[in-house]
Each structure stands twice: as structure tokens, then as C-alpha cells.
Amino acid sequence: AQSVTQLDSQVPVFEEAPVELRCNYSSSVSVYLFWYVQYPNQGLQLLLKYLSGSTLVKGINGFEAEFNKSQTSFHLRKPSVHISDTAEYFCAVSEPGGSYIPTFGRGTSLIVHP
Amino acid sequence: DAGVIQSPRHEVTEMGQEVTLRCKPISGHDYLFWYRQTMMRGLELLIYFNNNVPIDDSGMPEDRFSAKMPNASFSTLKIQPSEPRDSAVYFCASREGGAKNIQYFGAGTRLSVL
């Protein structure tokens, strides 16, 4: 069965600093991986996704993530954050086949300080 | 498209009352999901539908919760009777069947049961 672990519940960082949000998954088969962002009082929206191909995936707002099969990780990075990046970030995994129902992590709260 | 539309955005009710949350999925999407988000438990999948048919309701916490999808453009989540521990943000999401698992979320309904 698939599962997702987001290692940090909260990540504080100063504006213009780089950030990495960690995500590890467990699955017995090949997986699809996703990062979603939730701004205050809003629903989740897709940041980026890995389905196949290049292990480095670029998303919206300057975010990118790297799929590492040997370490079963899919960490999210941004070289320079803005105040507006303050939000909750969710990693999700799904296994191909069936209905592709994703399992979400508990979320990481990114807090960007001026 | 206007996206996934949920109503009401906020609901305050008293313990024991019936609560009905509503969702209009994106036109053409044949999967619909109901989630509950709390600080303690994170994002939980309650139930999902495919072509208006409930497929998996194993996440519904108890018999007080019920969900229906009478047609492709409307779904309800009902709690009867409501309890204070039901206080949470409830999200509806929809997805195309053939897509690689890109879910689109509504803005959520914040439920407070007093």
C-alpha cells in the first residue's frame, strides 16, 4: 500500500532564501507523484507532477522537484522564496492502475519571513 | 470553467442539527471526491464517486455521514446529527477519468458545530 511522509510539519525561512520541503513515499510499484499548494482559506491546487521521464520536474511559481527512486523521495525546492509563497504544501502519491486515487501527506507549512 | 464550486463557504450550526454541504464539479469530470481537513488528522478522503456511483466510502467516519451524487453536476455531503467533533474544513474535488490523477479542489466549506 502506498503512503507518504512529509518530514517537516513547519519550515520557517527568510524571504529570498532557498527552501527544500521533504517528501518520502513508500510503494511496491512505480508511482505518480504530486505537490499541491494550499493558500490560506483556499482549496489545494497543483504545483507540479511526476508521471514518467525526466526526474527533475518544474512547476509553477518557480518550484521544482526531483524524483529519486532509490531514496523513494520527491523533495520540493525553490531557490529564492517570496512572502507570497507562505502556504501549506502537500505531497501526494498514487499508483497506476485502478482509479489512481492519491494518498496525501500531512502537509508542510512554509512560513516566509521578511 | 468556474472550477469546483462548494457551498456554503462557512456553516455554523448547533450540535444535533442536520448539515448539508454542496458541490458542483467541473463539467466533464467523472470522478468526485469528498475530503475532510483537520489539524489533528490532516486531509482525509471520505468518499469518492465515479460516474455518479459511490465507489469507496470506507473513509466516512460513521453512519451520521452520508453522501449522494444524483447527477453529474451535483453532490451533497450530509451530517445528521452533527457533533462538535465534526468541525473541520470539507473539500470537494473532481477529476477527469482519463487524466493522470490531476484533482481540482473547491475552496472548501468551513464547518463549525457548537
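Restricting attention to segment B:70-114, and to residues there that are within 28 Å of A:Leu51 (Cβ to Cβ) and of a type in the set (A, V, I, L, M, F, W, C), which single residue is nearest to the other protein chains (Cβ to nearest Cβ)? Don't jump to the end; show me each part of the working.
Filtering segment B:70-114 down to residues within 28 Å of A:Leu51 (Cβ to Cβ) leaves B:72, B:75, B:91-108.
Narrowing the set further to residues that are of a type in the set (A, V, I, L, M, F, W, C) leaves B:72, B:91-93, B:99, B:102, B:105, B:107.
Details: B:Ala72: 17, B:Phe91: 6, B:Cys92: 8, B:Ala93: 8, B:Ala99: 8, B:Ile102: 6, B:Phe105: 3, B:Ala107: 5 Å.
My answer is B:Phe105.
Before we move on, is A:Val93 buried (at least 21 other Cβ atoms within 10 Å of the Cβ), in a strand (DSSP E or B), among the aliphatic types (A, V, I, L, M) and touching a residue at least 12 places away in the same chain (Cβ under 8 Å)?
Working: buried (at least 21 other Cβ atoms within 10 Å of the Cβ): yes; in a strand (DSSP E or B): yes; among the aliphatic types (A, V, I, L, M): yes; touching a residue at least 12 places away in the same chain (Cβ under 8 Å): yes.
Spelling it out, A:Val93 is indeed buried (at least 21 other Cβ atoms within 10 Å of the Cβ), in a strand (DSSP E or B), among the aliphatic types (A, V, I, L, M) and touching a residue at least 12 places away in the same chain (Cβ under 8 Å).
Could you figure out which of (1) of a type outside the set (Gly, Ala, Ser); (2) within 23 Å of B:Leu45 (Cα to Cα); (3) assigned to a loop (DSSP other than H, G, I, E, B) isn't true of A:Glu88?
(3)
Name the strands (runs of 3 or more DSSP E) wholly inside segment A:1-84 in which the number of residues that are within 13 Å of another protein chain (Cβ to nearest Cβ) and either hydrophobic (A, V, I, L, M, F, W, C) or more than 16 Å from A:Arg106 (Cα to Cα) (or both) is 2 or more. Quick ask: steps written out before the conclusion?
Numbers: elements: A:3-5, A:10-14, A:19-21, A:24-26, A:32-38, A:44-50, A:56-58, A:64-68, A:73-78.
Counting at least 2 such residues, we get A:32-38, A:44-50.
Tell me which residues, restricted to segment A:42-56, are among the small types (Gly, Ala, Ser) and either in contact (Cβ under 8 Å) with a residue 12 or more places away in the chain or loosely packed, with under 15 Cβ neighbours inside 10 Å (or both).
The answer is A:Ser52, A:Gly53, A:Ser54.
Every read-out reported here was derived from the displayed coordinates using simple, explicitly stated rules and does not represent laboratory data. The structure displayed is predicted, hence computed values, not measured ones. Reconstructed Cβ throughout: ideal geometry from the backbone, glycine too, with neighbour counts over all protein chains shown.
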